[in-house]
1. Looking only at the range A:39-76, count every residue that is among the β-branched types (V, I, T) and facing another protein chain (nearest Cβ under 7 Å) and tell me the total.
2. Within the range B:479-503, can you find the residues that are touching a residue at least 60 places away in the same chain (Cβ under 8 Å) and within 18 Å of B:N157 (Cα to Cα)?
3. Check the range B:87-97 and report whether any residue there is buried (at least 18 other Cβ atoms within 10 Å of the Cβ) and closer than 30 Å to A:D212 by Cβ.
4. Looking at (1) within 14 Å of chain A (Cβ to nearest Cβ); (2) surrounded by fewer than 20 Cβ atoms within 10 Å (Cβ to Cβ), can you tell me which one B:R509 breaks?
5. Pick from B:D351, B:D298: which is acidic (D, E), crowded, with 23+ Cβ neighbours inside 10 Å and on the phi < 0 side of the Ramachandran plot?
6. Only residues that are under 15 Å from B:H262 (Cβ atoms) and surrounded by fewer than 19 Cβ atoms within 10 Å (Cβ to Cβ): list them for the range B:274-293, please.
7. Residues A:A225, A:A259: which one is among the aliphatic types (A, V, I, L, M) and within 30 Å of A:D291 (Cα to Cα)?
8. Of everything in the range A:364-382, what is under 14 Å from A:A306 (Cα atoms) and not hydrophobic (A, V, I, L, M, F, W, C)? Give them in sequence order.
Amino acid sequence: MTATVEPRSAQRSAPQPMFTDAEAGAKEFPDSAARNFNYFTPQKRKQSHYEDVTVEVQPDPRHYLSQGWLYGFSDGRGGYPLDWTVLKAWGVDRPEPERFPGSGGKGYDWPAHGWHEFRDPNEEWELTLYRYNANVVRQINQNVDSARETKAFEQWNRNWVTFVERNIGAWMHVEHGLGLYVFANAQRRAPTNMHNNAISVNSMHRIRFAQDLALYNLTLSEEIADFDGAAHIETWNSDPAWQGVRRVAEQLTVIDDWAEAVFAVNVVFEPLVGELFRSHLVQHASPGNGDYVTPTLVGAGEHDYAERDLRYTKAMFSLLTNDKEFADHNTAILDQWLSTWTTRCITAARELQPLWSQPDAKPPRFEDGLDRAKNRFSAILAELNLQTPKELTQ
Amino acid sequence: MSRQSVAKAHEKIQELAWEPLYHTPVSQYGTDYTFQKAKKKDPLKQVLRSYFPMQEEKDHRVYGASDGAIRGNMFRQVQERWLEWQKLFLSIIPLPEISAARAMPLLFNTVPNPELHNGQAIQMIDEVRHSTIQQNLKRLYMNNYIDPAGFNNSLRNFQNDYCGTIGRQFAEGFITGDAITAASIYLTIVAETAFTNTLFVAMPAEAAANGDYLLPTVFHSVQSDESRHISNGYATLLMALSDEGNHQLLERDLRYAWWNNHRVVDAAIGTFIEYGTKDRRKDRESYSEMWRRWIYDDYYRSYLVPLEKYGLVIPHDLIEESWNQIWNKGYVHEVAQFFATGWLANYWRIDPMTDKDFEWFEYKYPGWYDKYGAWWENYARLSVANGHNPIALEDVDYVYPARCWTCMVPCLIREDMVMAEVNGQMRTYCHEACRWTDTVAFRPTYQGRETPNMGQLIGKREWETLYHGWNWADVVSDMGYVRDDGKTLVAQPHLDLDPKKMWTLDHLRRCPPLLSPNVLLNEMTPDQQKAYHADYVRQGPAGRPAPASA
């Protein structure tokens, strides 16, 4: 074997590795074993990974933020004003610590007020949210691909095709509008990072679900002869059965109070309208009409809400209805919101009733579905220590 | 679905948008800009179906590298000089990231283009990603690096420290004030498009040279999202430019945003890259060289200048002045010197410079040693407690500077310091551009035009004032920068972790009190203030007192 000797090239310039022994435990000195974030009290005995990456990223002038907010709106208010909701958590009526020459920088002891006690039970941060949503879209893609390969859409009768192109199509607008203009909007406005991150994840669930439905609609346009991929627009714009839902969806997007927006959607609208449509109509009607694909998409949206978004919402509002200082104040306001939004949502739900008679294979009766939706709604309220509003009997 | 082209899928999701029929949304955030409805395209065509798996795959790479770093004992090769500055950087950066998420809704009702809202929503969740992935990196450093102090109380420190506060305006500028000024011009057009190059590309390269390959892993993953955000900003900017009535505001906002980003980002990242490194190869780029490449050439000349033909008035003078500050006036060196002067009020350790460092600085910045060499020699001499005070309180030819009321970096280029009386307070500014930002730009009228939505600069903007008259030991205790023995400071002016060589509260107790330059200035008569200013602008470089008058 002959080796070819290459001329040695000019020495490359590269940083030299050095042994520094800068790893944990190499020496003992004050703080050498202090390996926990020490500026907050964990909810449980030990700090969770979620808490470590979430808590206290958004500052608060009432505890550590000694120089106050630095940039304000034109009215001079900066940061995250606590009165962007009328709900209150204990401690918020204490004034912000005053700062002046020689005042020092100490605020109230952490957490200073009850808003900081909220923890998302889903423990969402970037790793969890991408893992979850990537799994959902992968599963949906596989389901739809497999349905296409097995010609599953050929089993659909004409009425069901029309039902899907119009009504499943219309629902995507609800998800998109609420995801973008209720939840993405609300994540600017709550007083802690834990609230705002949970709300932003909720926003992405809805926007993803809206897109899942839109792309499903595109697939159906490609797979089913005469499937009208634009029928959902006309339905959403002018079908009388959908105008009640649209009206209330628009009302939800113009709420100023961030907590009211989250509460109205996740506590009132979702059980009374969202689950009514998705669970008690689509999921029940699909199998009888030869459709096993649509329930897998809609089921993903159901799971987003029922297993994750509702879960954090209950934790968020339970703290407020059990607040050691403002439980009564909060309960009175939530009762008002319940009264207002229950009326609107029940009206919207009832306007959907004609949809129940559209498929060939009929789902359980509308009134049965609505009763179950009402029971579900009452059960959620019970968990929050709230009374079922009289408006539910409409 | 998976077989559909991205373009077709993206076109389909545009059908999701709808105009309200029954209730008109009222924006919770105001702007003085006006927009016509226009179908500006989202150039990146991101669909969540592909977005989530893509981000998950990026996560796999990041977390795989994190595991590898720990298993491969990366921290046996990490330079402490470098990791110590990460205590500052990683305390700051998660807030600007999450603030960028919070900024997106400011644009929903002010920019009437649903296609862009889709991109903004994706940016929102990208920023949640960035904030939490960076917090996670900090957590990993805390758990595996030799000295967890400063990481372990990071977010308390950041919120009450004078350096953290400088960085915090980078975040708060995104989320308040005029919606377009904040969330579009300041955030996407300047901070993201220009300065993330040095933040997330140049700085990680320096981390790698110092044995830390996790910072590049995380931050390059972050930077790969930034191109989407830059596109969001560009599309909004083009919409704004199409209405001539906005040109005056764009000129104002670009001037403010450019100058503030320069003041804040160059101060911090310049210091990390120049003074936080042990890599003194002469052919490695200095911060100035990086700045010239990433910001001057790539941003200014390639991105900004071509927009001139659309009517954008570009602050050529301020861009050239920024370069002048960095190259001729030693802005980064002055900042690093100040951070080291104030080491005792920090929460990280600052390594003294050595002969090898001096040689590199002199090679990259001819004349550096004459200006800064003696001071850094004094810093090394005074680094271990030995009966003397911290350098800030010793006579080393350094005048503790006044703080700039606008950018909150002190007025370090002494000749540029200007003053103005605002709301009954005499304020000091590091440069005329910062005075203009406070007294002209952030006002309800601008050049005779009503600007009722413009924000305000608020807060207690001179850190020293809060502690005026306090003993230094009480200052540090009040801020919580004390280790778990109850007396050793988190901050140290050296890297030696031998407890006998570490500074404690006892050392600070015997120091003279902290005095706020601004409080002292406001106690002066007008003539004294004039004399103070005349003396100040004759000081420097390197904080030297003004020469005695002839």
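The values are calculated or read from the model by the stated rules, or taken from the named source; none is laboratory data. Not measured: the values here are computed from a predicted model. Every residue, glycine among them, receives a Cβ derived from its backbone with ideal geometry; neighbour counts consider all protein chains shown.
1. Residues that pass the stated criteria total 3.
2. B:M479, B:G480, B:Y481, B:R483, B:L489, B:V490, B:A491, B:Q492, B:P493
3. The answer is yes, given that some residue of the range B:87-97 is buried (at least 18 other Cβ atoms within 10 Å of the Cβ) and closer than 30 Å to A:D212 by Cβ.
4. That leaves (1) as the condition not met.
5. Answer to the selection: B:D351.
6. B:R292
7. That would be A:A225, the only listed residue that is among the aliphatic types (A, V, I, L, M) and within 30 Å of A:D291 (Cα to Cα).
8. The answer is A:R376, and nothing else.
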